[in-house]
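The block underneath contains the structure these notes are about, expressed in structure tokens.
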Amino acid sequence: MHAVEDLGLLKMDFLGLANLTIIQNTLELVKKNYGTEINIDNLPLDDKKTFKLLQQAQTTGVFQLESSGMKRYLRELKPSEIEDIIAMVSLYRPGPMDLIPDYIARKNGKKRTEYLHPSLAPVLKNTYGIMVYQEQLIEAVRVLAGFSRAEADVLRKAVGKKIKKLLDEQEGKFKEGAAKMGTPKNIADEFWSLVEPFNRYAFNRSHAACYATIAYQTAYLKANYPYEFMAAFMNSETGDVERIAFLIEECKHMGIEVLSPDINQSFERFAVINPSVAPAIRFGLTAVKNVGENVVSAIIHEREVHGSFKDLEDLISRIANRDLNKKSMESLIKCGALDAFGERNMLLANTDSLLIYAREKQKHRSTGQISLFGGSSEVSMPPLRLLTAEPVQRWEKLMWEKELLGLFVSDHPLNEYQTQLTLEKVTQIKDLNARAGTVRVGGIITKTQKIVTKTGKPMLFSWIEDIGAKIEVVVFPNVLERYPDTWKENSIIIATGKINDRDGSLKLLCDNVKCLASLA
């Protein structure tokens with residue numbers, strides 16, 4: 001920073017934000033679904049839906065306003081104008097965070113707005129008498145001590161860049177100027193006592209206004225076009241399965257249905273289906289493990305050119321892509337993409353027959369056979385006949401989804417145990433904190449790792465997850481000895497223990513465990 005400046009060069013920071021891509025992709029989906037072109041730089045800044053969303057702190061996905069702490073303050077603040085967002089972006093950082101309760105109290109009329117000097121009223125009016133921005137510091141020293149803009153900017157630089165020597169030089173100059181302006185000495189001294197610690201939290205308003213604008217834009221799109229916004233948001237998080245699972249839960253809270261992949265409705269990525277009738281978000285086909293981009297492109301292209309696939313025979317007759325092999329076919333069946341054509345286990349039992357039929361169909365086409373009566377039509381093949389099979393069990397179907405999509409989509413194994421979990425008074429994992437003490441959590445074991453201690457005894461590190469989050473469980477040797485057969489992947493358990501965050505992440509130190517079911 002300073003070395004570059006000393007060389008006479010200008011240092012610039014260029015910030016790349018995924019939120020800008022989310023905004024752009026949302027706008028494209030809105031145009032595609034409704035024919036509406038939105039000028040994102042000219043949104044109404046008094047949109048009721050947007051401020052209702054902000055006041056209720058439904059801000060998952062909203063730039064800068066997503067953290068749990070920020071959500072708590074938004075509920076208390078009840079923002080009603082863009083200035084509130086600009087202030088919160090500036091205040092929600094180490095240092096100025098201490099000023100947030102005072103700002104909220106003054107905003108809501110629970111505390112009187114006071115000014116150190118009457119001349120500061122126009123300068124600090126927007127922030128209820130609290131000095132928040134560097135621009136306010138510049139204006140304040142101009143009205144209190146007669147600084148020119150250039151002189152005030154020198155002070156701003158000393159504060160903003162934390163240059164102690166330069167700041168000390170400005171103190172005498174400020175107090176001398178204040179005396180000439182007729183500002184009482186006690187007011188000048190008190191103001192300077194605010195300036196010195198201001199370097200801990202000085203934020204330039206222009207920067208905060210830019211951030212607040214993006215925050216407002218994302219909030220506006222989420223409030224007015226929730227399906228398109230959430231689809232674009234989830235597409236930006238592709239590859240992060242935990243984040244996608246979290247966002248699907250957010251969709252549920254918003255009343256948005258997120259559906260498994262479907263051969264006739266899915267595109268490459270998350271997309272809004274039936275936007276004007278019964279909207280929902282549908283998983284993209286590229287999210288399915290073992291299904292390559294080539295076959296996905298072939299499926300979508302064939303569907304767009306010749307219409308939806310009528311049945312299973314129609315599908316395998318029209319898709320000639322070499323990537324539609326046994327593995328990709330099985331994956332499409334298991335994740336539910338072919339549910340419209342039959343029960344999953346029945347389709348799975350006929351995979352080999354389907355692929356043979358598809359090859360024979362393609363062979364007939366490529367040889368250009370004609371009918372016995374001299375026509376040019378293709379020789380008809382016997383209809384596709386499928387073997388019957390026992391329907392797949394619910395839990396196995398869910399495990400297939402978890403394997404191929406990375407998460408449970410159509411249902412969750414814990415749903416049928418919710419009554420029991422409620423009776424057992426378990427705490428949701430997302431609500432745990434370091435001060436929780438002894439707790440009970442219920443979930444499904446997703447991973448276990450056994451190690452041997454220095455004393456030669458085995459212990460476990462296990463991950464369990466409930467519908468909304470997951471946590472690592474530490475199982476010491478004495479607990480493992482008492483419950484040796486419980487710690488299997490895909491078992492549903494209730495674990496009791498103490499919360500620990502010694503290394504910065506929450507862990508449950510297990511004392512007791514109860515197995516509800518084993519899906520292995």
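Scanning the range 132-161 for residues that are more than 18 Å from A121 (Cβ to Cβ) and of a type in the set (D, E) yields E151, D153. Determine if the range 341-352 includes at least one residue that is touching a Lys or Arg at 6+ places or on another chain (Cβ under 9 Å), in contact (Cβ under 8 Å) with a residue 24 or more places away in the chain and over 19 Å from L387 (Cα atoms). No, the range 341-352 has no match at all.
Pairing residues of the range 27-44 that are farther than 18 Å from F233 by Cβ with residues that are surrounded by fewer than 17 Cβ atoms within 10 Å (Cβ to Cβ), at Cβ distances under 6 Å and at least 6 apart in sequence or on separate chains, gives E37/K31. Residues in the range 178-197 that are surrounded by 20 or more Cβ atoms within 10 Å (Cβ to Cβ) and out of contact with any Lys or Arg (no Cβ under 6 Å at 6 or more places or on another chain): A178, T183, F191, V195.
Has the range 135-150 got any residue that is in the same structural domain as K48 (by TED's automatic domain parsing), exposed (fewer than 14 other Cβ atoms within 10 Å of the Cβ) and in contact with a Gly (Cβ under 9 Å, 6 or more places away or on another chain)? No - not one qualifying residue is present in the range 135-150.
Just the residues that are crowded, with 21+ Cβ neighbours inside 10 Å and in contact (Cβ under 8 Å) with a residue 40 or more places away in the chain, please, taken from the range 271-282. Residues satisfying the conditions are A271, V272, I281.
Determine if the range 284-304 includes at least one residue that is assigned to a loop (DSSP other than H, G, I, E, B) and touching a strand residue (DSSP E or B) at 6+ places or on another chain (Cβ under 8 Å).
Within the range 284-304, one or more residues are assigned to a loop (DSSP other than H, G, I, E, B) and touching a strand residue (DSSP E or B) at 6+ places or on another chain (Cβ under 8 Å).
Residues that are hydroxyl-bearing (S, T, Y) and surrounded by 14 or more Cβ atoms within 10 Å (Cβ to Cβ) are absent from the range 34-49 altogether. Yes or no: the range 478-501 includes at least one residue that is buried (at least 17 other Cβ atoms within 10 Å of the Cβ), closer than 26 Å to H412 by Cβ, aliphatic (A, V, I, L, M) and touching a Cys at 6+ places or on another chain (Cβ under 7 Å). Yes: one or more hits. If the condition is being closer than 24 Å to L74 by Cα and either modelled with pLDDT of 95 or more or surrounded by 13 or more Cβ atoms within 10 Å (Cβ to Cβ) (or both), then the range 5-33 contributes N19, L20, I22, I23. The residue pairs whose first member lies in the range 468-488 and is within 25 Å of Q418 (Cβ to Cβ), whose second member is among the basic types (K, R), and whose beta carbons are closer than 6 Å, counting only pairs six or more residues apart or on different chains, are G468/K430; A469/K430; E472/K507.
Here G61 clears all of (1) in contact (Cβ under 8 Å) with a residue 12 or more places away in the chain; (2) on the phi < 0 side of the Ramachandran plot; (3) in the same structural domain as I86 (by TED's automatic domain parsing) except the condition numbered (2). Taking every residue in the range 283-309 that is not assigned by TED's automatic domain parsing to the domain that holds N264 and pairing it with any residue that is aliphatic (A, V, I, L, M), at least 6 positions away or on another chain, yields no pair with a Cβ-Cβ distance below 8 Å.
Against the condition in contact (Cβ under 8 Å) with a residue 40 or more places away in the chain, out of contact with any Asp or Glu (no Cβ under 9 Å at 6 or more places or on another chain), under 20 Å from A209 (Cβ atoms) and part of a helix (DSSP H, G or I), how does L144 come out, does it pass? It would help to see each step written out before you state the result.
Details: in contact (Cβ under 8 Å) with a residue 40 or more places away in the chain: yes; out of contact with any Asp or Glu (no Cβ under 9 Å at 6 or more places or on another chain): yes; under 20 Å from A209 (Cβ atoms): no; part of a helix (DSSP H, G or I): yes.
No, not satisfied.
Looking only at residues in the range 313-327 that are closer than 26 Å to Q393 by Cβ and surrounded by fewer than 20 Cβ atoms within 10 Å (Cβ to Cβ), which one is nearest to the chain's Cα centre (by Cα)?
Within the range 313-327, the first condition is being closer than 26 Å to Q393 by Cβ, and the residues that meet it are 315, 326-327.
In the following step, the residues that additionally are surrounded by fewer than 20 Cβ atoms within 10 Å (Cβ to Cβ) were identified as 326-327.
Details: K326: 34, K327: 31 Å.
Per the criteria, the residue is K327.
Listed by first and then second residue, the pairs with beta-carbon distance under 9 Å, at least 6 apart or on different chains, first residue in the range 398-426 and within 18 Å of M329 (Cα to Cα), second assigned to a helix (DSSP H, G or I) and basic (K, R), are W400/K334; W400/R344; E401/K334; E403/K334; L404/K334.
The values are calculated or read from the model by the stated rules, or taken from the named source; none is laboratory data. Since this is a predicted model, take the numbers as computed values, not measurements. No Cβ is skipped: glycine too gets one built from the backbone with ideal geometry, and neighbour counts run over all protein chains shown.
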